[in-house]
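The block underneath contains the structure these notes are about, expressed in structure tokens.
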Amino acid sequence: MGPPNPDIPVFGAAVRNAFKECLAMSGIAAAADSRLWQTAPGIYHYSDEGACTWFDFAARIVGRTGPDTCRIEPCTSAQRPTAALRPSYSVLDKSLIKRVAGIGIPRWEESLDRCLDYMARQTETP
């Protein structure tokens, strides 16, 4: 990895706390509450519905928070090498968790919007 990018702000503990809250609001909380692993052991994958790139994800955030938040540019995996080998396309198969837990899984945009709304409420001044 290269030097830190000054265009990307880092929020530390505030983001970690918001992330925990956002996970609690997501469908994964319903899956955890179902205790499915006790009755049907296996490997369960979870992610919200839909697929997106990291650029799509960042663009949604910038679209919600305003274009002055930071500058983002799309790039290919080849343009951003990492020590870990990564497949060119990977999406989790959630069929097992959906079938066994019987949960509805929201789209990633919906969950991200709820998370951003939560974060905005936490930063509002009374």
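The values are calculated or read from the model by the stated rules, or taken from the named source; none is laboratory data. As the structure is a prediction and not an experimental result, all values here were calculated from the model. Every residue, glycine among them, receives a Cβ derived from its backbone with ideal geometry; neighbour counts consider all protein chains shown.
The table for this structure:
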{"read-out": "Test: residue in the stretch 60-67 that is assigned to a loop (DSSP other than H, G, I, E, B) and either under 20 Å from the mean Cα position of the chain (by Cα) or of a type in the set (Ser, Thr, Tyr) (or both)", "value": "yes"}
{"read-out": "Residues satisfying the stated conditions in the stretch 37-56, i.e. surrounded by 13 or more Cβ atoms within 10 Å (Cβ to Cβ) and β-branched (Val, Ile, Thr)", "value": "THR53"}
{"read-out": "Single match in GLY42, GLY2, GLY63, GLY102 (criterion: closer than 25 Å to ARG121 by Cβ and either at pLDDT 65 or above or not β-branched (Val, Ile, Thr) (or both))", "value": "GLY63"}
{"read-out": "Meets criteria (touching a strand residue (DSSP E or B) at 6+ places or on another chain (Cβ under 8 Å) and modelled with pLDDT of 80 or more) for ILE97", "value": "no"}
{"read-out": "Extreme residue, surrounded by the fewest Cβ atoms within 10 Å (Cβ to Cβ), among residues of the stretch 77-117 that are assigned to a loop (DSSP other than H, G, I, E, B), in contact (Cβ under 8 Å) with a residue 40 or more places away in the chain and of a type in the set (D, E, K, R)", "value": "ASP93"}
